[in-house]
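> The structure under discussion is supplied below as structure tokens; questions concerning it will follow.
A short reminder: the numbers here are calculations on the coordinates, not readings from a lab. What you see is a predicted model; the values in this text were computed from it and never measured. Glycine also receives a Cβ, built like all others from the backbone with ideal geometry; neighbour counts cover every protein chain displayed.
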Amino acid sequence: MKYDYLIVGAGPYGAVFAHEAMKCNKRCLVIDKRDHIGGNIYTEQVEGINVHKYGAHIFHTNDREVWDYVNQFATFNRYTNSPIAKFKDEVYNLPFNMNTFYQLWGVSDPAEAEKKIESQRLQCEQPQNLEEQALSLVGRDIYEKLIKGYTEKQWGRSCKDLPAFIIKRLPVRFTWDNNYFNDQYQGIPVGGYTLIIEKLLEGSEVRLNTDYFAQREYFDSLANKIVYTGMLDEFYDYRFGPLEYRTLRFDSEVLDKPNFQGNAVVNYTDKETPFTRIIEHKHFEFGTQPKTVITREYSKEHENGDEPYYPVNDQKNNARYLNYKELAEREENVIFGGRLAEYKYYDMWQIFRNSLDRVRKELQQA
């Protein structure tokens with residue numbers, strides 16, 4: 001059988017593309033080297049709890065069309081992301097808001113809080129590194145307790161050695177609002193993200209445990225076009241050198257208690273704690289199960305065999321990416337999409353939007 005599209009990657013970008021193509025009677029073969037669909041938003045049930053296997057994913061957007069689109073496939077709850085930060089024995093609300101400032105300084109007047117931050121800000125017109133950038137935005141106390149340790153663990157290097165652009169801005173609110181996102185629409189799909197991907201892939205042929213690069217010529221011969229969502233440098237056999245990523249290691253544990261930390265997300269912002277955060281999955285769906293599942297997240301350098309998570313978008317890697325992008329733009333029968341193929345960190349809604357826009361353009365031209 002000849003397929004219209006070979007889709008490499010059964011994550012959200014590939015699944016949306018396959019769903020829209022299938023509605024236009026296109027034949028799609030979707031392959032993935034993992035043993036499951038969903039990519040990094042895959043959820044699996046443990047003790048009746050939907051566990052986010054590759055880290056927490058919270059859907060949030062101001063794009064009404066994308067929100068309506070995902071709601072076709074699942075019922076979303078009213079989950080609001082309100083993470084907690086722990087610095088040694090101290091506990092703070094995030095994002096930085098009046099609750100945080102009261103916990104830091106005992107101030108309850110927004111004008112007082114603003115004055116306190118202003119008195120600590122580094123006066124620096126052109127910050128040369130992340131530390132200077134953060135100090136110029138929020139001052140010494142917030143930087144030392146809530147940014148420095150977490151960021152250095154996340155990126156594996158000193159804030160003085162990180163580029164300033166990593167934090168172009170920091171959300172500072174002079175209101176008592178712990179909602180991390182300002183987006184109009186936010187929630188978690190009841191039953192987990194895997195259900196959404198399953199419905200998107202209905203009607204397409206799906207082959208798991210299938211490595212595109214192990215049989216590249218064979219798979220290329222099966223379809224008129226390829227939709228590629230994997231690493232761009234791997235597609236071109238790393239000819240300009242590898243693109244660098246940070247990756248995550250997850251340590252999950254089932255606990256024989258109904259509640260471990262009372263919140264879905266707790267960040268550990270001191271440098272002494274080796275992990276960056278603990279996720280307690282049941283709180284994403286307001287679970288009442290007798291047990292709970294927690295996951296500690298550790299950040300590390302990406303090595304062969306690791307899952308790539310965060311692109312290291314420094315000057316060297318961005319220049320290397322542009323070389324690969326130039327090759328990709330010459331391809332007539334390959335569509336590149338998603339965070340790995342575009343070497344860019346995306347929020348979930350952006351992946352859905354980008355895939356919808358690309359498949360619509362493709363189908364109009366077909």
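> With springs only between Cα atoms under 10 Å apart, run a GNM on the chain and tell me which of ASN50, ASN267, ASN317 wobbles the most.
With Cα springs under 10 Å in the chain, the top fluctuation among ASN50, ASN267, ASN317 is at ASN317.
> Computed FRET efficiency, Cβ-Cβ of LEU222 and HIS36, R0 22 Å: what is it to the nearest 0.05? Before the final figure, lay out the partial values.
Details: r = 22 Å, r/R0 = 1.00.
Plugging the Cβ-Cβ distance into 1/(1 + (r/R0)^6) gives 0.50.
> Multiply the residue separation of LEU322 and ARG140 by 0.36 nm, subtract the distance between their alpha-carbon atoms, and state the gained length in nm to one decimal.
61.8 nm
> A further question follows. Starting from the 7 Å offset along Cα-to-Cβ, what nm value, one decimal, do you get for the label separation of THR247 and LYS300?
0.8 nm
> Using modelled backbone amide H atoms (1.01 Å from N, in-plane), which distant-in-sequence or interchain residues come within less than 5 Å of VAL51's amide H?
GLU44, GLN45, VAL46
> Which residue fluctuates most in the GNM of the chain (Cα springs below 10 Å): ARG330, ARG277, ARG249?
Of ARG330, ARG277, ARG249, the most mobile in the Gaussian network model is ARG330.
> Between ASP177 and GLU332, how many nm apart are label points set 7 Å from Cα along the C-beta direction?
5.2 nm
> Another question, then. List the residues whose amide H sits under 5 Å from the amide H of TRP176, counting only those 5 or more places along or on another chain, with H placed 1.01 Å from N in the peptide plane.
MET98
> May I ask for the distance between the Cα centers of region 78-96 and region 288-305, given as a whole number of Å?
Each part's Cα centre sits 18 Å from the other's.
> With springs only between Cα atoms under 10 Å, which of THR295, THR75, THR269 fluctuates most in a Gaussian network model of the chain?
Fluctuation is largest for THR75.
> Would you calculate the volume per residue, in Å³, of the smallest convex hull containing every Cα atom of the chain?
Given the Cα convex hull of the chain, per-residue volume reads 152 Å³.
> Among 152-160, 335-343, how do they line up by average Cβ neighbours within 10 Å per residue, starting with the highest?
Sorting 152-160, 335-343 by mean packing, highest first, produces 335-343, 152-160.
> Next up: Please give the charge dipole size of region 84-167, origin at the Cα centre, charges +1 on K and R Cβ atoms and -1 on D and E Cβ atoms. Round to the nearest 20 debye.
Charge dipole of region 84-167: 260 debye, to the nearest 20.
> Further question on the same structure: Count the lysine pairs in region 84-167 whose Cα atoms lie under 21 Å apart, taking only pairs 8 or more positions apart in sequence or on different chains.
Count of close lysine pairs: 12.
> In terms of the Cα gyration tensor, with a ≥ b ≥ c the square roots of its eigenvalues, is region 155-215 rounded because a/c is under 1.5, prolate because a/b exceeds b/c, or oblate?
The shape class here is oblate.
> Rounded if a/c is under 1.5, else prolate if a/b is larger than b/c, else oblate: which is region 45-91, with a ≥ b ≥ c the root eigenvalues of its Cα gyration tensor?
oblate
> Separate question: Under 5 Å between amide H atoms, partner at least 5 residues away or on a different chain: which partners does PHE59 have, H built in plane at 1.01 Å?
Under 5 Å from the amide H of PHE59: GLY187.
> Straight distance only, please: which aspartates and glutamates reach the Cα of LYS23 with their own Cα at less than 16 Å, same-chain residues fewer than 8 apart left out?
Those aspartates and glutamates meeting the cut-off are ASP4, GLU198, GLU202, GLU205, ASP357, GLU362.
> Can you bin region 156-264 into rounded, prolate or oblate? Criterion: square roots of the alpha carbon gyration tensor eigenvalues sorted a ≥ b ≥ c, rounded for a/c under 1.5, prolate for a/b above b/c, oblate for the rest.
In terms of gyration-tensor shape, oblate.
> Averaging over every viewing direction, what projected area does the convex hull of the Cα atoms of region 226-270 cover, in nm²?
6.8 nm²
> Right, next: Return the whole-Å distance between the Cα centroid of region 323-366 and the Cα centroid of region 27-58.
That distance is 21 Å.
> Looking at region 1-50, which chymotrypsin sites (Phe, Trp or Tyr not before Pro) are DSSP coil and have at most 14 other C-beta atoms within 10 Å of their C-beta?
In loop regions of region 1-50 (DSSP not H, G, I, E or B), there are no sparsely surrounded chymotrypsin sites (Phe, Trp or Tyr not before Pro).
> Let me ask something else. Which one of ASN304, GLN364, LEU195 is farthest out on the positive end of the charge dipole of the chain, using unit charges on Cβ (Lys, Arg +1; Asp, Glu -1) and the Cα centre as origin?
GLN364
> Compute the whole-percent fraction of alpha carbon pairs in region 186-243 spaced more than 17 Å apart.
Details: 972 of 1653 pairs.
Result: 59 percent of Cα pairs exceed 17 Å.
> 222 nm [θ] for the chain, helices only, -39500 (n - 2.57) per DSSP H run of 4+, per residue, to 500?
Values: 11 runs with 104 residues, N = 366.
Roughly -8000 deg cm²/dmol at 222 nm, from the helical runs in the chain.
> I've got another one for you. Just to compare against my own numbers: the Cα pair-distance distribution for region 1-150, 10 Å bins, whole % per bin, please.
9, 23, 23, 20, 16, 7, 1
> A follow-up question, please. Expressed as a whole number of Å, what is the distance separating the alpha-carbon centroids of region 225-277 and region 161-188?
20 Å
> Expressed as cubic angstrom per residue, what is the convex hull volume of the alpha carbon set of region 84-167?
In region 84-167, the Cα hull volume divided by residue count equals 86 Å³.
> Counting other beta carbons within 10 Å of each Cβ, put ASP251, ASP270 in order, fewest first.
ASP251, ASP270
> I would also like to ask the following. For ASP68 and GLN364 in the same chain, what is the full-extension length gain: residue separation times 0.36 nm, less their Cα-Cα distance, in nm?
104.4 nm
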